[in-house]
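The structure appears below as structure tokens.
The values are calculated or read from the model by the stated rules, or taken from the named source; none is laboratory data. Just so it is clear, the model here is predicted, and its values are computed rather than measured. Quick reminder, even Gly has a Cβ in these numbers, built from the backbone with ideal geometry, and neighbours come from all protein chains shown.
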Amino acid sequence: MKKVLVTGATGFIGMYVVEALLQKGFSVVASSSDKSRAASKEWFPKVSYVEFDLRSFDDSKNYFEIFGQPDMIIHLAWEGLPNYTSDFHLTENLPRHAAFLKNLVANGLLDITVTGTCLEYGMQEGCLSETTPADPSNAYAIAKNELRKQLELLSKEMGINLKWVRLFYMYGRGQNPKSLISQLDKALEQGETVFNMSGGEQVRDFLRVEKAAEYIVAIASQQQVTGIINCCSGVPISIKDLVENYLEEKNKTIKLNLGYYNYTDYEPMRFWGDTKKLSSILKNNNA
């Protein structure tokens, strides 16, 4: 039974990744900065938990030993979201996360899965594949892309198995309250008759968070397909259609006040992910 270290275990994605790993029979070392929050999760008694705040990182320590010599890591932790534009992603998060992962590798860890972001593709439109050159345009995406490049060099030097998972858009229980679907749920719960949103013409690539967690585990637990891997549905859908489909699924009605909010300036209007690499992993995983 392989031992998997999951950082950011109590985050929106992390709590589902831990559950998915346990369902697959993995031994899980879960880590986050708040033990009390972790203790409230159903999976807490089933994992080995290590409280760790990356802001207290000390490179003189052997984190491979501290986390019980895991066979692999799924590194989900990243502070300060959903603020995508602040420089702290570059000045604080990037060097700290790079040093932490390099410490693990230097002390014996050879299998690393790290989550990146579709925002690494920048303002490019259409179907984006892993061979599409990165062109990030905000601090968060620039920092993530730089971390990827550092880890790719480390992979060549140390022979580690590196999987860089580019996440697209997810939704589900536990999502940030400022997210679109969370705000929609709140409006429905409060009995509001109108929901303010953008024009809804943006085309995106969405996954339920449970499915995204399943894909992350499938990617992390294999060694044949490495490098950048899109984690997405591959199905383009407009924001307006997403909301209307969600309302139909919930059997709810609310008037959509389209155009209330401006479109963001850090995302292109139309983009989605190519799933060829992901599909090959899922096919082999089910073989």
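Computed quantities for the displayed model
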| read-out | value |
| --- | --- |
| So K240, is it at pLDDT below 95 and in the same structural domain as L180 (by TED's automatic domain parsing) | no |
| Some residue of segment 134-148 being touching a Lys or Arg at 6+ places or on another chain (Cβ under 9 Å) and outside any helix (DSSP H, G or I) | yes |
| Looking only at segment 52-107, and only at residues there that are in a loop (DSSP other than H, G, I, E, B) and aromatic (F, W, Y), the one that is farthest from Y266 (Cα to Cα) | F67 |
| Hey, K102 over 22 Å from C231 (Cα atoms), at pLDDT 95 or above and loosely packed, with under 14 Cβ neighbours inside 10 Å or not | no |
| Residue in segment 189-212 that is of a type in the set (G, A, S), in contact with a Phe, Trp or Tyr (Cβ under 9 Å, 6 or more places away or on another chain), modelled with pLDDT of 95 or more and within 23 Å of I13 (Cα to Cα) present | yes |
| Listing of helices (runs of 4 or more DSSP H) fully contained in segment 207-287 that carry 2 or more residues being farther than 30 Å from M72 by Cα | 239-250 |
| Every residue from segment 110-167 that is modelled with pLDDT under 95 and among the acidic types (D, E) | E157 |
| Considering residues of segment 149-201 that are buried (at least 20 other Cβ atoms within 10 Å of the Cβ) and basic (K, R) only, the residue farthest from I281 (Cα to Cα) | R166 |
| The one condition in (1) surrounded by 12 or more Cβ atoms within 10 Å (Cβ to Cβ); (2) assigned to a helix (DSSP H, G or I) that S36 fails to fulfil | (1) |
| Of all residues in segment 4-33 being in contact with a Leu (Cβ under 8 Å, 6 or more places away or on another chain) and assigned to a helix (DSSP H, G or I), the one that is surrounded by the most Cβ atoms within 10 Å (Cβ to Cβ) | V17 |
